[in-house]
Amino acid sequence: MGLFRFIFNVLWFVLGGFVMGLAWWLAGLICFITIIGIPFGRSCFVIGQMAFWPFGKESINRRYINRAEDIGTGALGSLGNIIWFIFIGIWLAIGHLFHALLCFITIIGIPFGLQHLKLAALTVAPIGQTIVSKA
């Protein structure tokens, strides 16, 4: 199974993952311009790593891992996700949806399109999420 993940990740990186990973990192740099945006920027860099190499990784709400609520999984996290989506998330979502559509045009691109949809869903509410490796 590890070899297939590696092959899919390499193909993903070459066929669009590099572009979207850079988009996440650019969003992170934009967030770091202001002090308020630093937590958003940190999330962008973590999720950007997943955008470069998504097969074998998934996002999970930190509430399930820590078994407790924190600032990102509570009401402030929800407010942060709304602000995030209005200013940056919408653009990343459009990018992932565009790439997913391009991937779905071909039969062989369907697994890559599904990864783009997974990342597009993550752009809606990334605060309070963490990236974990699948077993």
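The values are calculated or read from the model by the stated rules, or taken from the named source; none is laboratory data. These numbers come from a predicted model, not from an experiment. Note that each Cβ is placed from the backbone with ideal geometry, even for glycine, and that neighbours are counted across all protein chains shown.
Checking each residue in segment 101-127 for being free of Cβ contacts under 8 Å to residues at least 12 places away in the same chain, part of a helix (DSSP H, G or I) and over 29 Å from ILE83 (Cβ atoms) picks out PHE104, ILE110. A single member of ARG62, ARG67 is in contact with a strand residue (DSSP E or B) (Cβ under 8 Å, 6 or more places away or on another chain) and either in contact (Cβ under 8 Å) with a residue 60 or more places away in the chain or not aromatic (Phe, Trp, Tyr) (or both), and it is ARG62.
In segment 42-74, the residue that is surrounded by the fewest Cβ atoms within 10 Å (Cβ to Cβ) out of those that are closer than 13 Å to MET20 by Cα and small (Gly, Ala, Ser) is GLY48. Quick check: anything in segment 75-94 buried (at least 16 other Cβ atoms within 10 Å of the Cβ), touching a Lys or Arg at 6+ places or on another chain (Cβ under 7 Å) and either among the β-branched types (Val, Ile, Thr) or modelled with pLDDT under 85 (or both)? Looking for residues that are buried (at least 16 other Cβ atoms within 10 Å of the Cβ), touching a Lys or Arg at 6+ places or on another chain (Cβ under 7 Å) and either among the β-branched types (Val, Ile, Thr) or modelled with pLDDT under 85 (or both), one finds none in segment 75-94, hence no. Looking at segment 84-100, can you tell me whether even one residue there is assigned to a helix (DSSP H, G or I), within 19 Å of ILE127 (Cβ to Cβ) and in contact with a His (Cβ under 6 Å, 6 or more places away or on another chain)? The answer is yes, given that some residue of segment 84-100 is assigned to a helix (DSSP H, G or I), within 19 Å of ILE127 (Cβ to Cβ) and in contact with a His (Cβ under 6 Å, 6 or more places away or on another chain).
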